[in-house]
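What follows is calculated from the coordinates using simple rules that are stated; it is not laboratory data. Since the structure is predicted, the reported quantities are computational estimates derived from the model, not experimental observations. Don't worry about glycine lacking a Cβ; one is built from the backbone with ideal geometry, like all the others, and counts go over all protein chains shown.
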Amino acid sequence: MSWWRRAFPLDLAEEGHFSRREFARFLAVVSAGFTAGIGYLWLRKKPLETAPEPTGTHELAVALGRASDLQPGQSRLFTFRDAQDRCILLRTPTGELKAYRQTCTHLGCAVRFRGERLECPCHEGFFEVDRGFPVQGPPTRPLSGIALETRADGSLWAVGELPKPTNVPTRAAACPRDTRMEVRS
Amino acid sequence: MNQPRPRQGHFSDVALGVTLLILAVQLYLFETVLQSVLDGQRALLPGAFSASLVLTVVALFLAFKAPRLDDGPES
């Protein structure tokens, strides 16, 4: 008899009894929980935080200032769908304006524009700036892109959400660092 | 005086294995569905829910309705 059994001489009939059937019932209930979760996702009308809107459009355009304000390599934050929907507007080193939702597709940290890539500082995930594809680190899905529109007066507007790209290239092909190395060689 | 331990309801190895397999499939299915929904693809939700429901029904049947092997004449 172990020391703790002598110290606590309680003898419960059900103590230590956990049958296979009880374990199987627990597993079945957990399985039902997964089914309920999928049913919830099916019935939920509002998209999840990082998911695109079902229609792919946004009712109201958001003004982002003048397109000429951003120089290559610079970025600016803005909100799009609501106050919690934080996005980042940037001008790539090649001069193109791009905007992405700031939520990392790994675990939801805020990405930032660093050098030639978008960086998630939480787990060192990196995205290329042209299409938002992940090129390094834990993320496997691209960032949500925001559609931009430059109007005749030079003002820049966020007018909707870009469709998610389906053909994610291999990381070696998408990584700009590898491209630079190829150019040098 | 020690009371006799309650007799365990025997649950066969095959039934337990099937239940564990169902849970593993459910976990993989849920992870896949969640990733697809995050990618904006909701078309697979009805089919995934149906498959998950069938698996859950099988698991519940095994856990609650499958015959206890020790409920025979000797018990």
- Note on the structure: Long-range amide H partners of residue A:73, meaning residues 5 or more apart or on another chain whose placed amide H is closer than 5 Å, are A:91, A:92
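Gain in length, residue A:122 to residue A:96, computed as 0.36 nm per residue apart minus the alpha-carbon separation, to one decimal in nm?
On the way: separation 26, 0.36 × 26 = 9.36 nm, distance 2.68 nm.
Difference between extended and current length: 6.7 nm.
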- Can you pull the three principal axis extents for the Cα set of region A:100-148, in Å, largest first? 29, 20, 16
- Distant-in-sequence amide H partners of residue A:102 (H built 1.01 Å from N, under 5 Å): A:86, A:87, A:88
- Query: Which order results if A:11, A:85 are arranged by neighbouring Cβ count within 10 Å, fewest first?
  - Reply: A:11, A:85
- According to a simple spin-label model (label point 7 Å from Cα along Cα-to-Cβ), what is the distance in nm between residue A:40 and residue A:79? 2.6
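On average, how many beta carbons from a partner chain sit within 10 Å of the beta carbon of a residue in B:55-65? Each step should come with its number before you reach the end.
Details: counts 5, 9, 4, 2, 9, 7, 1, 5, 11, 4, 0.
Whole-number average of other-chain Cβ neighbours for B:55-65 is 5.
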- Message: For a quick size check, give me the Cα extents of region A:57-177 along its three principal axes, largest first, whole Å.
- Response: 40, 28, 26
